[in-house]
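None of the figures in this text is laboratory data; all of them are computed from the coordinates on show. All values reported here derive from a predicted model rather than from experimental measurement. Cβ sites come from the backbone with ideal geometry, for glycine too, and all protein chains shown count toward neighbours.
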Amino acid sequence: MIEGVWLWITFVALALTTVITRGSFILIGEKGRLPPTVQRALRYAPASALAALIVPDLLLDHGHFQAFNPKLVAGAVIVAIALRTRNPWLPFILGMGVLIALRKGLGW
């Protein structure tokens, strides 16, 4: 029975932590402004988070680092096409085409 009590105490503590940290920005409002350097740094947070999710997947193949794998080649194709064109679908289509061709066609 004691495990159930500690579980509920943990749930309540996590809920309060979430409400306090998120609600503090609403309650403080305009009085609490972040310094300009922090605001500039926060502009790069979404791109950094996306890179932190994608780059390990591109560099690892079946859990091991490989400098030349099909996902990395397809990722390089996607970056090259995205930098050259403004079409949002073309990098996706050609990147998947390259990945499928390398995996199925060449057996990588």
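Listed here are the residues, each with its yes/no results for (1) among the basic types (K, R); (2) in a helix (DSSP H, G or I).
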residue	(1), (2)
V73	no, yes
A76	no, yes
A80	no, yes
F92	no, yes
G97	no, yes
I100	no, yes
K104	yes, yes
W108	no, no
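For the range 77-85, state whether one or more residues are among the basic types (K, R) and either surrounded by 14 or more Cβ atoms within 10 Å (Cβ to Cβ) or touching a residue at least 12 places away in the same chain (Cβ under 8 Å) (or both).
no
Consider the range 1-47. How many of its residues are exposed (fewer than 10 other Cβ atoms within 10 Å of the Cβ) and within 30 Å of G95 (Cα to Cα)?
Number satisfying all stated conditions: 4.
On the basis of being hydrophobic (A, V, I, L, M, F, W, C) and either within 30 Å of V77 (Cα to Cα) or in contact with a His (Cβ under 9 Å, 6 or more places away or on another chain) (or both), does A47 make the cut?
yes
Please name all residue pairs, on different chains or six or more residues apart, with Cβ atoms under 7 Å, provided the first residue is in the range 39-68 and is free of Cβ contacts under 8 Å to residues at least 40 places away in the same chain and the second residue is surrounded by 10 or more Cβ atoms within 10 Å (Cβ to Cβ) and part of a helix (DSSP H, G or I).
Taking only residues 6 or more apart or on different chains, the pairs are D57/K71; L58/K71; L58/L72; L58/G75; L59/L72; D61/K71; F65/L59.
Out of (1) within 30 Å of G107 (Cβ to Cβ); (2) assigned to a helix (DSSP H, G or I); (3) over 21 Å from the mean Cα position of the chain (by Cα), what's the single condition that is false for F68?
For F68, the exception is condition (2).
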